[in-house]
Amino acid sequence: MGTIIGVLINRLSRIVDRIRALEERLHRQEVMNIEATRHELEVLGRRLRLIYLAVTCEVFCGLFVGLIIATAFIDAFLVANLSSIMAGLFILAMFAFISGLIVFLREIFLAVNITWESMR
């Protein structure tokens with residue numbers, strides 16, 4: 001999970017750097033095709049939101065896993081049966097994990113499509 005978050009943060013920083021570079025070019029009016037640059041900025045904005053959402057999902061997954069571990073330790077020392085809470089937390093963790101991967105996949109499709117468009 002940590003590796004996935006690292007990959008997502010790396011992609012996020014590259015998108016932010018590209019947005020900054022394009023906005024600086026637009027501001028200095030160094031762009032040949034303003035419409036194409038604005039379209040790229042729009043796509044980068046969508047990719048940024050998707051990566052942010054994927055990071056959020058993966059962080060929630062990590063939090064749920066931490067809560068599962070804490071609940072397991074509490075369950076071991078108390079007489080209470082917390083297995084249903086741990087099961088619920090596990091389901092939430094898996095939902096967050098899978099959701100993050102799905103959003104990440106969508107961002108990858110968006111990145112590939114914009115690359116294909118620019119090659120045509």
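Read the figures in this text as sums done on the coordinates, not as results from a lab. As the structure is a prediction and not an experimental result, all values here were calculated from the model. Cβ: placed from backbone, ideal geometry, glycine included. Neighbour counts: every protein chain shown.
What to note about this one:
- Ranking of HIS39, HIS27 by count of other Cβ atoms within 10 Å, fewest first: HIS27, HIS39
- Chain lengthening between PHE109 and ARG28 when straightened (0.36 nm per residue, less Cα-Cα): 26.1 nm
- Summary of packing: across the peptides 106-118, 41-53, the per-residue average of other C-beta atoms within 10 Å ranks them, highest first, as 41-53, 106-118.
- Using C-alpha pairs below 8 Å separated by at least 6 residues, the relative contact order for the range 60-120 is 39 percent.
- Each of ASP17, ASP75 was scored by other Cβ atoms within 10 Å of its Cβ. Arranged with the fewest first, they read ASP17, ASP75.
- Charges were assigned to the Cβ only: +1 to each Lys and Arg, -1 to each Asp and Glu. The resulting dipole of the chain about its Cα centre is roughly 200 debye.
- Using C-alpha pairs under 8 Å with a sequence gap of at least 6, the mean separation divided by the residue count of the range 2-119 gives a relative contact order of 31 percent.
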